[in-house]
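Working notes, beginning with the structure itself.
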């Protein structure tokens, strides 16, 4: 079971002047982008995956008085316009509020719906009263399920904060998710600046996870998360893996992804160049864990945590030129639907050949527009539950 978001009108809010600020590489052709995303969802559904649409979940939450008020007030607070909240609650329908969650709200739209002047309201760039969320189709980053509990993330960039707040509200308030416990992100002491994003979290096995210290995720946050995991006995080891703080390597899952019990796709120019790794382990007296420098390489850790006979698949077979190109187009970021069965962008020709040569079934989807946000199939999915094999 996964949560996805079909790209919508929030992406038609992009202009040459604001696209970089919203963390998208270029303005996509929305209709084609939606067709590509539909192909992604269709492949998952045909593979037996239950696909939940984030906008539908938000609509269910907004249909309740508590959810409606929370979503609106948080959106207005985030854009430093708390005075907007009551007029929106008074004049906007539930469907309109659901649209605002994703596509934002302009001065003109607010005035047309409420018949109120916007004099004195704080206006944002491009005359948005509430900014759009064009990265919403990357549902991996706002939250991550570990076992039966949730890590609620804190986005690094302002352009993505509302995604985390909205996802947290859905997990808190949606009837089908009611009662879900949070490992991280519920306490005020775990809010920003303790930033962490879901793409930096990779579950290695039931006892260990790897977390990228990246452009988006802070070392201090990893320490707090490790302490929470140990206190609740959810993990025994947390590895902190340093990756270059560059946009193209924004998350750990852009440089390696586990695709099977013994198989991992790695971008060799990062993973095989000895990134610094530290490990957190529980203390005997329950005190705060501190990171210890790991002598093992990332690949040695993966061999120990997955299997000594680890099957290493290099992005684009390790060819420097093609690997750099395909890593940028999410060649190291595919979604494993089952052991050794993945969804990958069709454009990553050399990586997909390497996967097939290694015995991995590759289901390809078009991606000329989806890739403009620098994310792949793994980024576009938030798994809630996996069927156990065997």
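Read the figures in this text as sums done on the coordinates, not as results from a lab. All values reported here derive from a predicted model rather than from experimental measurement. Here the Cβ positions follow ideal geometry from the backbone for every residue, glycine too, while neighbour counts run over all protein chains shown.
Normalized C-alpha radius of gyration of segment 229-300, against 2.2 N^0.38 Å?
Ratio of Rg to 2.2 N^0.38 Å for segment 229-300: 1.26.
Provide the convex hull volume over Cα atoms per residue for segment 311-390, in Å³. Each step should come with its number before you reach the end.
Values: hull volume 6.9 nm³, N = 80.
Normalising the Cα hull of segment 311-390 by residue number yields 87 Å³.
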Checklist entry - Which distance in nm do the two modelled labels at residue 206 and residue 191 give, with both placed 7 Å along the Cα-to-Cβ direction? => result 3.7
Item to check | Between helix 161-173 and the chain: long-axis angle, C-alpha atoms, 0 to 90°, nearest 10 | outcome: 90
Checklist entry - Based on DSSP, what percent of beta bridges with both residues in the chain are antiparallel, to the nearest 5? => result 55
Item to check | Degrees, to the nearest 10: 65-78 long Cα axis against longest axis of the chain | outcome: 80
Next on the checklist: Along each principal axis of its Cα atoms, how long is segment 1-85 end to end? Whole angstroms, biggest number first, please.
Outcome noted: 45, 37, 16
Next on the checklist: How many angstrom lie between the Cα centre of segment 229-303 and the Cα centre of segment 62-118?
Outcome noted: 41
Checklist entry - Under a point spin-label approximation (7 Å from Cα along Cα-to-Cβ), what is the residue 178-residue 385 distance to one decimal in nm? => result 1.7
Item to check | Quotient of Cα Rg and 2.2 N^0.38 Å for segment 236-344, N being how many residues it contains | outcome: 1.14
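Can you tell me, using C-alpha contacts under 8 Å and at least 6 residues apart, the relative contact order of the chain as a whole percent?
Reported relative contact order: 17 percent.
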Item to check | Helix-derived mean residue ellipticity, 222 nm - over the chain, DSSP H n ≥ 4, -39500 (n - 2.57), to 500 | outcome: -9000 deg cm²/dmol
Checklist outcome for this item: So the angle from the long Cα axis of helix 219-231 to the longest Cα principal axis of the chain, reported in degrees to the nearest 10, equals 80
Item to check | Distance (nanometres) between label positions extended 7 Å along Cα→Cβ at residue 324 and residue 157 | outcome: 2.2
Checklist entry - In µm²/s, what is D for segment 155-195 at 20 °C and 1.002 mPa s, where D = kT/(6 pi eta Rh) by Stokes-Einstein and Rh is the Kirkwood radius from Cα pairs? => result 193
Checklist entry - Label point 7 Å out from residue 368 along Cα-to-Cβ: which residues of segment 1-39 have amide N under 14 Å? => result 28-37
Next on the checklist: Can you give me the orientation-averaged projected area of the convex hull built on the Cα atoms of segment 156-267, in nm²?
Outcome noted: 7.9
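Tell me, what are the semi-axes, in whole angstrom and largest first, of the equivalent ellipsoid of segment 57-130 as set by the roots of 5 times the Cα gyration tensor eigenvalues? It would help to have the intermediate numbers written out before the result.
Numbers: eigenvalues 75, 29, 24 Å².
The equivalent ellipsoid of segment 57-130 has semi-axes of 19, 12, 11 Å.
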Checklist entry - Extent of the chain along each principal axis, from alpha carbon coordinates, in Å, largest to smallest? => result 67, 52, 38
Item to check | Alpha carbon Rg of segment 119-222, scaled by the compact-globule rule 2.2 N^0.38 Å | outcome: 1.17
